[in-house]
Amino acid sequence: MKLFLNILNITVIFLISFFLIITSILWYFGKDLPDFEQLSDYEPPVVSRIFASDGNFLEEYSRENRIFSNFDQIPDQLINCFLVAEDRDFYSHIGFYIKGIIRTKKKNIMNVLNNRRPEGASTITQQVAKNFLLSGEITYTRKIKEIILALRIENILTKNEILELYLNEIYLGNRSFGVVSASTNYFNKSLLELELDEMALLAALPKAPSKYNPFTNANKALERRNWVLKRLFSEGFIDLSQYEEAFNKELILKKKNKIFSRKASFFKEAIRREIIE
């Protein structure tokens, strides 16, 4: 009986101490964080486009090449591609995933020993917190702030609203911010025109946009795209025939058409100054 009481006392002391430590950490790192409520009224900078009188595309201007799309305008399968590639448990976690953090910490120990760059373990909510409110530095301090902000974001936004922000903000290489811009820049298509293999390619890019840029590293991009397709199949989002059809497709890219005209150069420059400057 005495042994049981001693163990119980030690357990209670440990739990109280653990609670106080976590509370102190959250207070210390959370007291001066950016105003996360601004995400509720987010208005992203978007692309301005110029068309000729016959409908031909002339030019576009922007500081960041982004075209905003509402969540209900994004195909379900495209969303699934990003979920399996970036955050399979997005709809069930509270903003961060403790198992993912532990798994990545173990992997980063090996990365440090092999002189490699450490990796993150960010959920989609954490990526929204980082991309909108924090810097891109890789430190434990920023990671703690990222988790705190992710918890707060989950309390004020729905899961679909968080995904909408993520899919419109994420950088996908080739001057593409968001899935609409990337769909145009890589395939010259709208989101609704994308095929499964093309959706998988877009979801392959966030991990390393330069490394998997299909224009410059086609083989690596194809390998990563096929990995996303395998994840879709293993998670039950597609059947075997859909997987094999998409897996066997070649990587076909098509840049958006642009009509250049010397006569229009002065006109385009005047508009550029008006929009950008």
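Values for this structure:
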{"read-out": "Evaluation of Ala208 against (1) of a type outside the set (Asp, Glu); (2) open to solvent by 40 Å² or more (accessible area, probe 1.4 Å); (3) modelled with pLDDT under 95 (one fails), failing number", "value": "(2)"}
{"read-out": "Condition met for Lys249 (at pLDDT 95 or above, surrounded by 15 or more Cβ atoms within 10 Å (Cβ to Cβ) and out of contact with any helix residue (DSSP H, G or I) (no Cβ under 8 Å at 6 or more places or on another chain))", "value": "no"}
{"read-out": "Qualifying residues in segment 235-257 (those that are over 20 Å from Ala221 (Cα atoms) and touching a residue at least 12 places away in the same chain (Cβ under 8 Å)) - the one farthest from the chain's Cα centre (by Cα)", "value": "Asn257"}
{"read-out": "Subset of segment 167-184 (residues that are in a helix (DSSP H, G or I), out of contact with any Pro (no Cβ under 9 Å at 6 or more places or on another chain) and either over 20 Å from Glu86 (Cβ atoms) or open to solvent by less than 10 Å² (accessible area, probe 1.4 Å) (or both))", "value": "Leu167, Val179, Ser181, Ala182, Ser183, Thr184"}
{"read-out": "Filtered residues of segment 185-235 (kept if charged (D, E, K, R) and assigned to a helix (DSSP H, G or I))", "value": "Glu193, Asp197, Glu198, Lys220, Glu223, Arg224, Arg225, Lys230, Arg231"}
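The values are calculated or read from the model by the stated rules, or taken from the named source; none is laboratory data. Remember, predicted model here, so these are calculated numbers, not experimental data. Backbone-built Cβ (ideal geometry, glycine too); neighbour counts: all protein chains shown. These area figures cover heavy atoms from the full protein model, side chains too; ligands, DNA and RNA do not enter into them. Shrake-Rupley method; radii C 1.70, N 1.55, O 1.52, S 1.80 Å.
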